[in-house]
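What follows is calculated from the coordinates using simple rules that are stated; it is not laboratory data. The shown structure was predicted, so the numbers you read here are calculated from the model rather than taken from an experiment. Glycine also receives a Cβ, built like all others from the backbone with ideal geometry; neighbour counts cover every protein chain displayed.
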Amino acid sequence: MTFLSANIHRQAALIVTMFSRISIFCKSIDIFSESVDLRKLPEYSLKEVQEHFTPQDCWIIIGDFVYDVTEFLRKHPGGDEVMLDYAGRDATLAFKGVGHSNAALKILNQYLIGILPPKERIYLRN
Ligand code: HEM
């Protein structure tokens, strides 16, 4: 019984940590989005992003923004394979889970090509 309740507490603490990390990430995405005029960014749907899933043509989504990271794959300090796991898909949690630095966020910004349409956004306030 004590073991069970200690386990539940541990899991609850993990969930709280996870959510607070996601919310910190969302704030940094918010800061980003303030520096970008969202109306000028082309919109790409999840379906369109999915079509770019190869090493020669690799798009990923982080925090509702769409990035063409084809050029960056071979420059990534963590290697191309981890990024290719998310080719054509949402990599927000994986990107955040690694605890990338602010320098990584700046690099990311160079590859921004678009944004998801409002109805497909999860992180940004519309
Ligand atoms: C365009 C998106 C990405 C950019 C710009 C980026 C950038 C970077 C940078 C600059 C580093 C060096 C450490 C740091 O400054 O934080 C790094 C390390 C790393 N990245 Fe990424 N990254 C991206 C996507 C991803 C994704 C989707 C994953 C998947 C899990 C990932 C996994 C890692 C890992 C595991 C390391 C650690 C490498 C090591 O310390 O040996 N990255 N990344």
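Which of the aspartates and glutamates could a cross-linker bridge to residue 40, judged by Cα under 16 Å and excluding same-chain residues fewer than eight apart?
64
Within a Cβ distance under 12 Å of residue 84, other residues only, what is the Lys/Arg minus Asp/Glu net charge?
Neighbour charge sum, excluding residue 84 itself: -2.
Under 13 Å Cα to Cα from residue 47, which aspartates and glutamates show up? Leave out anything in the same chain fewer than 8 places away.
Partners found: 90, 120.
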